[in-house]
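Q: I have a structure here, written as structure tokens, and I will follow up with some questions on it.
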Amino acid sequence: MRIAMIGAGYVGLVSGACLADFGHDVVCIDRDPAKIAALEQGRMPIYEPGLESLVADNVRQGRLSFRTELREAVAGADAVFIAVGTPSRRGDGFADLSFVHDAAREIAGALSGYTVVVTKSTVPVGTGDEVERIIRETVPQAEFAVVSNPEFLREGAAIGDFKRPDRIVVGTEDPRAEAVMREVYRPLYLNASPILVTGRRTAELTKYAANAFLAAKITFINEMADLCEAVGADVQQVARGIGLDGRIGTKFLHAGPGYGGSCFPKDTLALAKTAQDHGMPLRIVETVVAVNDQRKRAMARKVIRACGGSVRGKTIALLGLTFKPDTDDMREAPSLAIAAGLQDGGAKVRAYDPEGIEQARPLLPAVSFAEDAYSCAEGADAVVIVTEWNAFRALDLKRLHMAMRTPVLVDLRNIYDPAIAAQHGFAYQGVGRSAGTASTSEA
Ligand code: UGA
């Protein structure tokens, strides 16, 4: 199969590289010449484990190439994927579809022979209809079908998620387009990854429903964590206790500082907006958005409480800045609200992140950056674990304690055992666990 992938961002680049690895001929197209030039030299625009070597292998084998111009690649393609950004529109939170619409217009002018146009970007219900209308209006005689094929990959685990998906959702009513999509994903079908063929609007909504449900699950356990702190219970044990019920499941029940990233915050807002526009407000989703927003700032207050009620003049060390580990992505990261809250309280904030400092620097102008966890903690009045990078899971607590002025450890990801932290002389605060309660494993 010959595939054109429009957009070499997270989804486009990972999908393009993985589809090439399946054996397809893939051209990734991006308007940004600097990005394409870097990719041609083997430099990745994002940090994603395994991506650089996957891209290099497939470029070497001649199955993957990069362009700034889409005409030639689209004309020769069996399937054209639209994987451009759909940021939140300023003001109303609705997904900004201008990049998708631009791509549709450009694709229309380049189509040649029957082509399947696939929206891979997360797009609101009805966008497929709009893309179809734009292409039809631009080139009335074009032979094409528009399919929705949402992507469910996670940053940091993107390649594994693409190659071993729980399911593939294909939204189309056109049997010819369905056959092309089955061929695109045939290598996965042999691995028994289920392909769910639905109507186009259903596929579009499925993507938002999945992200909203996961965001709600996280928010549920986060609120439960606050209650655990109030009543003296342990949220990790509660999560395990409910998660072992197969109907609930153990995943996405890790209490923390609130969800961030480029997907959950944007998609929950856009879904709530779509629902309002249809006169069907989703009250649960709206509440999830509000609770999560408040939570990020509340984490700064939690740190202030752990420091005895004031951080004025104190130095607070933040370990981890990205919205989650194994990415350099700072979008909607809880660290941003936490740093701001601490600075508003008069603290000096110092931070370290294994991959995110370059992205974080312009977003956190008043924060100073350290070279590693221990130099970050030097002379600090509290260390706050914001992102659970592996590098922070087995810190030398003795060395950390010695580096600090006051041994306060606020562990917003519950990666340390409170009892062990206490043994090392830390005043320890996790999330949803009263200090000193160690998590016991089940027998
Ligand atoms: C999310 C979804 O998990 C993917 O399935 C989806 O394809 C993607 O959005 C998307 O729409 O493109 P991602 O944003 O990369 O993926 O990251 P997640 O691993 O889902 O984490 C999102 C946020 O939730 C992070 O801030 C993370 O720290 C937080 N989280 C996650 C928790 O606080 N607790 C958990 O138990 C799980």
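The values are calculated or read from the model by the stated rules, or taken from the named source; none is laboratory data. All figures in this text were calculated on a predicted structure; none of them were measured in a lab. Please note: Cβ atoms are built from the backbone with ideal geometry, for glycine as well, and neighbour counts cover all protein chains shown. These area figures cover heavy atoms from the full protein model, side chains too; ligands, DNA and RNA do not enter into them. Shrake-Rupley method; radii C 1.70, N 1.55, O 1.52, S 1.80 Å.
Q: Could you tell me the ratio Rg/Rh of region 2-198? Both radii from Cα atoms, Rh via Kirkwood.
A: 0.94
Q: Further, regarding this structure: For Ala394 and Ala157, calculate 0.36 nm times their separation in residues minus their Cα-Cα distance, and state this gained length in nm to one decimal. Before the final figure, lay out each step's value.
A: Working: separation 237, 0.36 × 237 = 85.32 nm, distance 2.15 nm.
Additional length available on full extension: 83.2 nm.
Q: Please state the charge dipole magnitude for the chain, taken about the Cα centre, from unit charges on C-beta atoms (+1 on K and R, -1 on D and E), reported in debye and rounded to the nearest 20. Before the final figure, lay out each step's value.
A: Working: 50 positive and 55 negative charges, 190 e Å.
Result for the chain is approximately 920 debye, rounded to the nearest 20.
Q: Across 10 Å bins from 0, what is the distribution of all Cα-Cα pair distances for the chain, in whole percents?
A: Answer for the chain: a P(r) of 4, 20, 27, 24, 16, 7, 2, 0 percent.
Q: Would you work out which of Leu342, Gly258, Ala239 lies farthest towards the positive end of the dipole of the chain, given +1 charges on the beta-carbon of Lys and Arg and -1 on that of Asp and Glu, about the Cα centre?
A: Leu342
Q: Roll a 1.4 angstrom probe over the protein heavy atoms and tell me the percent of accessible area of region 1-143 that is carbon or sulfur.
A: Details: 2810 of 5880 Å².
Looking at region 1-143 in its full context, I get 48 percent from C and S.
Q: Rank Met44, Met402, Met224 by mean-square fluctuation in a GNM of the chain with C-alpha springs under 10 angstrom and give only the top-ranked residue.
A: Ranking Met44, Met402, Met224 by mean-square fluctuation puts Met402 first.
Q: Rounded, prolate or oblate: which one fits region 210-429, using the alpha carbon gyration tensor with axes a ≥ b ≥ c (rounded when a/c is under 1.5, else prolate when a/b beats b/c, else oblate)?
A: Details: a/c = 1.93, a/b = 1.44, b/c = 1.34.
It is prolate, given that a/c is not under 1.5 and a/b is the larger ratio.
Q: By average Cβ neighbour count within 10 Å, what is the ranking of 24-35, 310-321, 82-93 from highest down?
A: Details: 24-35: 20.1, 310-321: 22.5, 82-93: 17.8.
In decreasing order of mean packing, 24-35, 310-321, 82-93 become 310-321, 24-35, 82-93.
Q: Calculate how steeply helix 334-344 sits against the longest principal axis of the alpha-carbon atoms of the chain, using the helix alpha-carbon long axis, and give the answer as 0 to 90 degrees to the nearest 10.
A: Approximately 40 degrees, to the nearest 10.
Q: Further question on the same structure: What list of ³J(HN,Hα) values in whole Hz, one per residue of region 51-63 in order, does the Karplus curve 6.51 cos²θ - 1.76 cosθ + 1.60 (θ = phi - 60°) give from phi, with Gly and Pro shown as x?
A: 5, 4, 6, 5, 5, 4, 4, 6, 5, 4, 7, x, 9
Q: If packing is taken as the average count of other Cβ atoms within 10 Å, what order do 360-370, 46-56 fall into, highest mean first?
A: Details: 360-370: 15.2, 46-56: 17.3.
So the order, starting with the most tightly packed, is 46-56, 360-370.
Q: Less than 20 Å from a label point 7 Å out along the Cα-to-Cβ axis of Tyr189: which backbone N atoms in region 138-165 qualify, by residue?
A: 145-152, 162-165
Q: Hey, got the dipole for region 210-429? About the Cα centre, +1 on K and R Cβ, -1 on D and E Cβ, debye to the nearest 20? Show your work: numbers first, answer last.
A: Numbers: 25 positive and 25 negative charges, 92 e Å.
For region 210-429, the charge dipole is close to 440 debye.
Q: Enter the angle in degrees (range 0 to 90, nearest 10) between the Cα long axis of helix 175-184 and the first principal axis of the Cα atoms of the chain, meaning the one along which they spread out most.
A: 50 degrees
Q: Just from its helices, what would the mean residue ellipticity at 222 nm be for the chain, if runs of 4 or more DSSP H residues each count -39500 (n - 2.57) and the sum is divided by every residue, rounded to the nearest 500 deg cm²/dmol? Don't jump to the answer; show the numbers that get you there.
A: Numbers: 18 runs with 193 residues, N = 443.
Computed ellipticity for the chain at 222 nm equals -13000 deg cm²/dmol.
Q: So, one more: If r is the Cβ-Cβ distance from Phe252 to Ser112 and R0 is 41 Å, what FRET efficiency results, to the nearest 0.05? Walk me through the numbers before you get to the answer.
A: Details: r = 44 Å, r/R0 = 1.07.
Using R0 = 41 Å, I get an efficiency of 0.40.
Q: Tell me the angle of helix 10-21 to the major Cα principal axis of the chain, expressed in degrees between 0 and 90 and rounded to the nearest ten.
A: 60 degrees
Q: Show me 107-120, 292-305 ranked by packing, highest mean number of other Cβ atoms within 10 Å first.
A: Details: 107-120: 21.1, 292-305: 19.1.
Going from most to least packed, we get 107-120, 292-305.
Q: Subtracting the Cα-Cα distance from 0.36 nm times the residue separation, let me have the gained length for Ile242 to Ala179 in nm, one decimal. If you can, show how the numbers build up before the last one.
A: Numbers: separation 63, 0.36 × 63 = 22.68 nm, distance 4.12 nm.
Gain on stretching Ile242 to Ala179: 18.6 nm.
Q: With point charges of +1 on the Cβ of Lys and Arg and -1 on the Cβ of Asp and Glu, referenced to the Cα centre of the chain, which listed residue (Leu412, Pro362, Phe99) lies farthest in the positive direction of the dipole?
A: Leu412
Q: Of Ile29, Val169, Gly156, whose Cα points farthest to the positive end of the dipole of region 2-198 (charges on the beta-carbon: +1 Lys, Arg; -1 Asp, Glu; origin at the Cα centre)?
A: Checking the options against the dipole of region 2-198, the answer is Gly156.
Q: Enumerate the whole-percent occupancy of each 10 Å bin, from 0 to the last occupied one, for all C-alpha pair distances of region 224-278.
A: Per 10 Å bin, starting at zero, the Cα-Cα P(r) for region 224-278 comes out as 21, 33, 32, 14, 1 percent.
Q: Counting only DSSP beta bridges with both residues in the chain, what percent are antiparallel, rounded to the nearest 5? Before the final figure, lay out each step's value.
A: Details: 2 of 45 bridges.
Percentage antiparallel, nearest 5: 5.
Q: Could you derive backbone 3J(HN,Hα) for region 299-305 from the dihedral phi with the Karplus parameters 6.51, -1.76 and 1.60 (θ = phi - 60°), listing whole Hz in sequence and x where the residue is Gly or Pro?
A: Once rounded to whole Hz, the list reads 5, 5, 5, 5, 5, 4, 4.
Q: Give the long-range amide H neighbours of Asn414: residues separated by 5 or more places, or on another chain, with amide H under 5 Å away, using H modelled in the peptide plane at 1.01 Å from N.
A: Under 5 Å from the amide H of Asn414: Val431.
Q: In addition: Tell me, what ³J(HN,Hα) does each residue in region 266-282 have, in order and in whole Hz, if you take phi through Karplus 6.51 cos²θ - 1.76 cosθ + 1.60 with θ = phi - 60° and put x for Gly and Pro?
A: The phi angles translate into 5, 6, 5, 4, 5, 5, 4, 5, 4, 5, 4, 4, 9, x, 10, x, 9 Hz.
Q: Say R0 is 35 Å: what FRET efficiency, to the nearest 0.05, do Arg164 and Glu378 get from their beta-carbon distance? Mind dumping the intermediate values first?
A: Details: r = 42 Å, r/R0 = 1.21.
Result of the calculation: an efficiency of 0.25.
Q: Would you please give the residues with an amide H less than 5 Å from that of Leu64, counting only those at least 5 places away or on a separate chain, with H modeled from the backbone geometry?
A: The list, which skips near neighbours in sequence, is Val26, Val59.
Q: Mind listing which GluC sites (Glu not before Pro) in region 341-405 are in a DSSP loop and have 11 or fewer other Cβ atoms within 10 Å? Present the calculation step by step, with values, prior to reporting the outcome.
A: Numbers: sites: Glu355, Glu358, Glu371, Glu378, Glu388; in loops: Glu355, Glu371, Glu378, Glu388.
In loop regions of region 341-405 (DSSP not H, G, I, E or B), the sparsely surrounded GluC sites (Glu not before Pro) are Glu371.
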